[in-house]
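A quick write-up on the structure given underneath.
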Amino acid sequence: MADAKVIPFGEEPRARRKARRAGRAGRGTALAPVPEARTEHPPAAPPPPSPRTLDQRIAGGLAFLRRRITGDYEVDDFGYDEELTDQVLMSLLRPFYEKYFRVEVKGVENIPSDGGALIVANHSGTLPLDGLMLQVAVHDNHPAQRHLRLLAADLVFVLPVINELARKAGHTLACAEDAQRLLERGEIVGVMPEGFKGIGKPFAERYKLQRFGRGGFVSTALKAGVPIVPCSIVGAEEIYPMIGNAKTLARVMGLPYFPLTPTFPWLGPLGALPLPTKWTIQFGEPIPTDGYPPEAADDPMLMFNLTDQVRETIQHTLYKLLVQRRSVFF
């Protein structure tokens, strides 16, 4: 019987070693193992809010209510309640801003990050919803989340409930003294010089700016040395198409006008629902005023020229946005 060949432990037979070498030569000389291919999976959906986050929200809401009940909150000398505005009023307006009117904002970088500025905008829409949407646009789109302090007409401050809400939201009487105080304190102030002439104009005159008054806003900006930011709003003209004005009824009720629209007052309360138009708000390049001497605020020719410059800038931008608009509703 032939002797058996002993193969030491761990040593492979010669034929097997040759076959392994031949296989390596065919695959290449790399000895490192080839990593397995990984199947790409879509990112997992974010987890739902943790109970702790929900608890924090509830605790914040309860703390807010406690401060409201106990009176442990601050308002400035104009009646502005910043906490109430941020926590409640902005939250109520934001769904209309984001979902209903789908407001698109352009040029927000033209609003200063600090210091005072005067935003001058066109006014329209039968009801002053454009001012409220402008307030949300400044706060939600500016990197510093600045608050817009709107100048409102006398009528706002004689209406019950509306008076208190306007004060809490930071609105103040449209007078030069209040505006200058706010600007000198470094606030962003908004003014709509067309007033009732703009908001109550017929639908046939939409996007045609009315008279800007005597340029009082320019004088205020010059005295405070703050820039003027022109602002154009497209979309508000069509929310309540005003096809008529019941002047007799307006005089009886003490209103500047009583609007007649295709739906109001014919459909009752349902007719007061605004049409869901698509809005665009564009802030233009600021017009500096700090380079003028102090006596410039009393120069009627300078005020006329600056007023006309602001008005023409807003009107030109309105026409440009209207040309770019695909549809009233989209």
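Summary of computed values
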| quantity | calculated |
| --- | --- |
| J(HN,Hα) series, region 83-99, from Karplus relation 6.51 cos²θ - 1.76 cosθ + 1.60, nearest Hz, glycine and proline x | 5, 5, 4, 5, 7, 10, 4, 5, 5, 6, 7, 4, x, 5, 5, 8, 9 |
| Region 135-282: C-alpha gyration tensor shape, a/c 1.5 cut-off, then a/b vs b/c | prolate |
| Amide H contacts of K106 (H built 1.01 Å from N, under 5 Å, at least 5 apart or other chain) | I281, Q282, F283 |
| Net charge of Cβ neighbours under 13 Å - reference Y73; Lys, Arg +1; Asp, Glu -1 | -3 |
| Environment charge at V108 (Cβ cut-off 13 Å; Lys +1, Arg +1, Asp -1, Glu -1) | -2 |
| Radius 14 Å from Cβ of H123, net charge of other residues (Lys, Arg +1; Asp, Glu -1) | +2 |
| Accessible carbon and sulfur surface of region 56-195 relative to its total accessible area, %, 1.4 Å | 57 percent |
| Region 204-256 - accessible surface per residue (Å², probe 1.4 Å) | 44 Å² |
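The values are calculated or read from the model by the stated rules, or taken from the named source; none is laboratory data. As the structure is a computational prediction, the values presented were derived from the model and not from experiment. Every residue, glycine among them, receives a Cβ derived from its backbone with ideal geometry; neighbour counts consider all protein chains shown. These accessible areas exclude ligands, DNA and RNA; they are computed on the full protein's heavy atoms, side chains included. Shrake-Rupley method; radii C 1.70, N 1.55, O 1.52, S 1.80 Å.
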